[in-house]
1. Are there any pairs, at least 6 apart or on different chains, whose C-beta atoms fall under 7 Å, with the first in the range A:2-17 and over 13 Å from B:Arg562 (Cα atoms) and the second among the small types (Gly, Ala, Ser), and if so, which?
2. Being of a type outside the set (Gly, Ala, Ser) and surrounded by fewer than 18 Cβ atoms within 10 Å (Cβ to Cβ): is that true of B:Asp99 here?
3. Look at B:Thr43 and say whether it is polar (S, T, N, Q), over 20 Å from B:Cys565 (Cα atoms) and part of a strand (DSSP E or B).
4. Give me the pairs, please: first residue somewhere in the range B:200-224 and farther than 19 Å from B:Ile461 by Cα and surrounded by 13 or more Cβ atoms within 10 Å (Cβ to Cβ), second residue anywhere and hydroxyl-bearing (Ser, Thr, Tyr) and modelled with pLDDT under 70, beta-carbon distance under 6 Å, and either six or more positions apart or on two chains.
5. So, in the range A:25-38, how many residues would count as being in a helix (DSSP H, G or I) and either at the interface with another protein chain (Cβ under 8 Å from one of its Cβ atoms) or crowded, with 21+ Cβ neighbours inside 10 Å (or both)?
6. Could you tell me which residue of the range B:1-41 is modelled with the highest pLDDT, considering only residues that are surrounded by fewer than 17 Cβ atoms within 10 Å (Cβ to Cβ) and of a type in the set (A, V, I, L, M, F, W, C)?
7. For the range B:174-189: of the residues being surrounded by 16 or more Cβ atoms within 10 Å (Cβ to Cβ) and of a type in the set (S, T, N, Q), which is farthest from the other protein chains (Cβ to nearest Cβ)?
8. Give the range B:93-116 a look and list any residue that's in a loop (DSSP other than H, G, I, E, B), of a type in the set (S, T, N, Q) and closer than 14 Å to B:Leu13 by Cβ, or say none.
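The values are calculated or read from the model by the stated rules, or taken from the named source; none is laboratory data. Since we're looking at a predicted model, the values are computed, not measured. Ideal geometry is used to build each Cβ from the backbone, glycine not excepted, and the neighbour counts take in all protein chains shown.
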Amino acid sequence: MALDTESIIAVKKLIKEFNLNEEFEKIFLKHLENESNFQCGDEDRLEVISLLREQLKNG
Amino acid sequence: MELKIARWESKGLRCPDGIVNLKKDGFKRFNFIQMPNGTGKTTYLELIQAALSGSLEGADGTTIGKYYLHSNPSDESFFETDVECNSEKITFKIEFDFDTEACINKSENNNSKVKYITSYAAGGGEQLPGYKPPRDIRRMLHSEFVKLFVFDGEFARKLFDSTESRAFQCLDSICQLNIFDKMVKATNVYYKKLVIETDRSSAKTGAGVTKAVNKKETYEKKIEELQKILSEGEIELKRIDKEVSNINSEINEDTSLGGNLKKKAQDKKNIVDSLDKEYNKVTQDYFDIIKNPVNLHKKFISSLNILQENLYRLKIPASATRAFFEELTDEKECICDREMNKESKDAINRNKEKYFDEDRASIYNKLKSDIRDKLNAKDFDVDVLSRKTEEFQKLNDQRAEAETDLQVALEELKMSAPKNLANKMTKREMLIKERGEISKKIEEIRSDIETDVKKTKSIKILKNAIKEQEKIIQEVQSNILLGEDINRIKALCENSKKDIKQGLKKSIINQCNNKLAEIFKGTKKIQIEDIEEHISLYKQAGGSEGQQLTTGILYLSILLGRENCNFFTIFDSPCGPIDQHVRVDLSEPIVTLVKKDGQFITFVQSSERSYFTTTIESAVDENKIFYLTIYDKDRFSEEEIPSLPKDKTVETKNAFFVLDKVFFNNFSPKINKAESNL
């Protein structure tokens with residue numbers, strides 16, 4: 001909802017600059033979407049960070 | 001998304017009891033609610049914000065207590081408002097439970113509480129306990145977001161205040177840039193939760209790894225040196241043994257030596273060898289003796305005797321087996337002489353397992369018999385240790401003496417030997433000495449039990465120290481990797497926020513400036529230069545106060561417009577301290593800014609009508625405006641109040657609600673009743 005196209009483009013651009021993989025991008029954007037819809041709690045955020053770290057390991 | 005406020009009702013709070021119904025004759029584009037100072041305009045504004053955002057849920061007692069009505073307390077206190085979201089009615093109600101005593105005494109320990117109730121058709125129309133707005137609108141009712149459409153002149157002014165960061169907070173709220181902050185905060189929690197804490201202060205850093213690696217390398221180098229001593233020593237020993245053996249052969253084969261001296265030396269050597277053998281045997285026996293504690297001290301013997309006696313006293317049966325109980329139940333009578341009837345048999349079968357203790361009984365019995373056998377054995381010698389010590393010392397002396405005799409004999413032999421043979425004998429001595437030194441070094445390494453890694457020669461202890469350092473390295477490296485991951489995620493969040501903010505800011509400034517160009521022309525032209533923490537206007541310190549407020553409202557409406565929101569706007573005390581001649585800078589643009597199907601609600605006092613509501617009235621159809629005047633009962637003298645239109649007046653417990661345009665425009669009380677009586 002709050003994540004408009006411009007914001008998504010900005011985040012995608014940065015993910016590319018950071019050399020992060022597609023799966024990382026998918027997880028991160030999905031999280032931002034959930035967060036903007038007030039569907040995230042502290043535990044969810046920690047879980048997402050774990051998933052993102054997995055992707056960092058995968059390169 | 002369209003959001004309109006239909007009504008609100010309050011009772012027993014610091015604002016007039018009664019209902020404000022904005023939908024009575026259909027929603028109006030402009031809604032003027034006139035209330036004299038001190039009637040409760042700000043309380044209305046705050047309660048509307050609190051009802052919509054749920055901000056009082058979980059608030060402290062003091063915050064809640066400020067809504068307590070001291071002058072006229074009521075049994076029931078609540079605030080309820082109906083809003084329509086895309087024509088669906090949602091009701092928010094806050095029920096107050098005041099800590100009356102604390103409110104009256106203004107005590108810091110105030111236990112006032114609130115209870116929220118929410119109801120809407122999609123939620124089943126029932127009253128849901130708690131603040132539970134429909135999911136699709138919840139985001140829009142966040143407390144920071146609500147401030148964007150329910151605000152006062154002070155809030156709008158703060159958008160331009162360089163000491164405040166309101167402008168950015170609004171941008172943050174509407175575009176939810178704070179979701180990146182939440183993620184950054186979570187990364188800190190994640191790191192703290194997962195970081196491996198060690199007793200090394202630098203264990204989270206590269207320095208921690210370097211330190212552990214250096215230590216590991218030192219230990220490895222030390223092991224390498226020790227292993228080199230061992231392996232080279234072993235080779236040397238073999239070489240020396242071989243060389244000594246060869247020299248021995250050469251000496252033995254040499255006929256130049258005197259036969260008697262040679263024989264004498266050989267005899268002495270045989271004695272030494274024989275004593276060495278005996279010495280080894282006695283040493284072994286000696287260790288066997290001291291391994292048994294009864295040989296070390298007589299107290300062991302007396303204690304064992306006591307133990308043995310106590311075990312006998314216990315009368316532990318030889319066995320209490322299953323068979324014993326089975327046989328017992330076959331008897332006609334029990335061992336206690338009672339008849340072995342069915343009840344007795346059942347009781348024995350039921351309880352017998354408690355008495356199965358064969359293993360323990362057998363251990364006790366074995367222990368008992370072992371002690372007895374040992375202490376009563378014919379060959380048991382209580383003085384064995386002292387005798388063996390004496391024997392050992394005697395043998396040691398004999399051995400030393402025989403060794404000296406051998407050395408003397410060898411010296412005599414060497415003295416009588418020709419030079420080359422004497423040299424061989426000297427060399428043999430030196431080799432044997434060298435062998436001893438090497439053996440000593442090897443023994444020092446093999447038998448060292450020093451635990452201090454800095455001093456030890458034990459390869460085993462050093463290997464354990466290496467393992468410990470490896471563990472630290474692994475932990476520190478895990479922490480470093482974790483830190484690197486966290487920093488990457490953090491950097492992504494922070495940069496995302498920065499980039500998105502830049503893009504949004506540019507776009508919003510453009511939209512605002514385009515609209516401002518339409519509103520303010522010629523000498524009044526103003527443009528936004530930047531929106532950072534506050535709004536700064538281009539090439540001037542700032543427009544008139546009216547222009548600033550207009551720009552602020554415009555900024556907020558453009559922010560709301562980004563979300564495709566057509567929300568009602570409540571603007572409390574818009575003109576406040578603004579001079580009359582610049583009020584049109586605010587009132588004229590508002591007519592443009594409020595959408596045709598919008599809902600603009602403003603709380604004003606009579607002094608704010610001039611050049612504000614009057615300007616709007618002149619530009620808008622009369623039927624698009626809602627007029628309401630609310631004032632406290634008994635506050636003003638009758639002379640100060642215009643005649644009340646009875647059919648348009650609602651009298652409540654503590655206020656009059658007058659729904660009339662003429663009354664609205666003529667209401668200008670200046671003197672309080674109390675003052676007029678003076």
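1. Short answer, once both residue conditions are applied: A:Ala10/B:Ser496; A:Ala10/B:Gly503; A:Val11/B:Ser496; A:Leu14/B:Ser496.
2. When the stated conditions are applied, B:Asp99 does not pass them.
3. It is false that B:Thr43 is polar (S, T, N, Q), over 20 Å from B:Cys565 (Cα atoms) and part of a strand (DSSP E or B).
4. Pairs found: B:Gly208/B:Ser202.
5. Counting residues in the range A:25-38 that are in a helix (DSSP H, G or I) and either at the interface with another protein chain (Cβ under 8 Å from one of its Cβ atoms) or crowded, with 21+ Cβ neighbours inside 10 Å (or both) gives 5.
6. B:Ile19
7. The selected residue is B:Asn178.
8. Passing the criteria: only B:Ser112.
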